[in-house]
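Here the structure is laid out as structure tokens; the discussion comes afterwards.
The values are calculated or read from the model by the stated rules, or taken from the named source; none is laboratory data. All values reported here derive from a predicted model rather than from experimental measurement. Quick reminder, even Gly has a Cβ in these numbers, built from the backbone with ideal geometry, and neighbours come from all protein chains shown. SASA here: full protein model, heavy atoms, side chains in, ligands and nucleic acids out. Shrake-Rupley method; radii C 1.70, N 1.55, O 1.52, S 1.80 Å.
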Amino acid sequence: MAYPITRPVPQEIGRRIAFLGVGWIGLSRLQAMVDTGLCRKVVLCDPSDERIAEACRAAPAAECVSSFDALLDRDLDGVVIATPSAVHAEQALRAIDRGLAVFCQKPLARTADEVRTVIAAAKARNVLLGVDLSYRHAEGVRVLRDRVRGGQLGRIFDVELVFHNAYGPDKAWFYDKTLSGGGCLMDLGIHLVDLALDVLDWPEVGEVRGALFAEGRRLTGAREVTEDFASATISLANGVNVRLACSWKLNAGCDAVIEASFHGTEASASFRNLAGSFYDFETVLLRGTSQERLVAPPDEWGGRAARLWLTQLAADPGYDPEIEHMAQVAETLDRIYLST
């Protein structure tokens with residue numbers, strides 16, 4: 001049973017976790033981890049006094065520090081990073097250099113080269129490294145993955161993925177390429193690429209073609225502007241054709257359109273949001289003109305990746321080679337950007 005941080009956590013299982021950045025996402029992951037009952041100690045760092053105050057309501061016994069340097073000087077087992085994308089790689093490397101496990105918001109870094117550098121450091125220091133690609137941990141995606149990998153859909157030949165956010169980010173750094181690494185493709189498309197490759201069990205990526213737009217104008221060549229619409233076609237070595245589209249502030253007719261559909265020779269299956277929700281999803285099996293609902297809400301999937309990372313850290317803090325798939329995701333994003 002989960003219990004609040006104010007109650008003692010057994011020394012042998014409790015972990016000392018720092019949270020660098022406690023905005024909306026960071027606070028959500030803090031609450032998810034505290035609820036596991038596996039946090040023996042919590043350290044918080046954020047430039048906003050308001051955010052710190054809110055985080056302290058989730059973890060009343062937390063220690064607060066004013067800088068990343070001060071955070072690293074504390075006696076810790078791991079660090080949760082929820083800061084602007086530009087500093088993810090640098091902050092992860094500094095934590096790893098201290099022998100700390102890291103759970104980082106996506107993207108782990110802005111380019112594939114940066115991602116590989118962080119992964120290599122974690123491997124060299126034998127520390128656990130995780131990335132919060134939360135959608136792959138939804139129950140609907142788990143069922144979809146099992147159906148695809150188990151062969152129930154027959155031979156998969158086509159995948160369609162969309163993620164349209166009718167609002168877009170509310171923080172200025174998302175629109176600064178030097179801080180974000182990219183626009184909606186880096187922010188939302190990373191989930192789509194990860195879902196496609198993960199569900200299909202990480203096939204080799206072949207040809208990649210993409211198109212980027214900003215306010216309806218196509219972007220080409222070197223650019224400082226972040227895209228608000230992106231589409232791509234990815235040919236996989238196993239013969240599967242992947243098509244994706246993602247956007248900020250699209251005229252979508254609802255808050256969000258999120259869907260991952262896998263088409264096979266025997267059936268199709270789709271993981272999709274309901275009524276424009278960012279949180280409620282169903283997974284349906286499609287045969288001809290009929291459909292069968294396999295998973296329906298509710299599902300508390302948002303903090304599941306964070307909980308799993310902390311549970312793994314409590315059991316074995318060593319390096320997990322599963323993280324190496326993140327290099328393939330990052331390289332695919334790089335290739336989409338370079339193809340435009």
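Take residue 94: with every protein chain present and a 1.4 Å probe, its accessible area is about 90 Å². The accessible area of residue 114, taken with all protein chains in place and a 1.4 Å probe, comes to roughly 50 Å². Scanning residues 5 or more positions from residue 80 or on other chains, those with amide H under 5 Å from its amide H are 18, 19, 20, 103, with H placed 1.01 Å from N in the peptide plane. Between the Cα long axis of helix 139-149 and the first principal axis of the chain there is an angle of about 50°, rounded to the nearest 10. For the pair residue 293 and residue 202, a Förster radius of 35 Å applied to the C-beta separation gives a FRET efficiency near 0.80, rounded to the nearest 0.05.
Relative to the longest principal axis of the Cα atoms of the chain, the long axis of helix 49-58 makes an angle of roughly 90 degrees. Relative to the dominant Cα principal axis of the chain, helix 304-315 is inclined by about 50°. Cross-link partners of residue 171 among lysines, defined as those whose alpha carbon lies under 18 angstrom from its own and excluding same-chain residues fewer than eight positions apart: 106, 249. When both the stretch 326-340 and the stretch 99-148 are represented by their alpha-carbon centers, they are found 16 Å apart.
Among (i) 17.2; (ii) 20.8; (iii) 15.8, find the value of mean projected area of the Cα convex hull in nm² that was calculated from the structure presented, and write down its label. Calculated mean projected area of the Cα convex hull in nm²: the matching label is (i).
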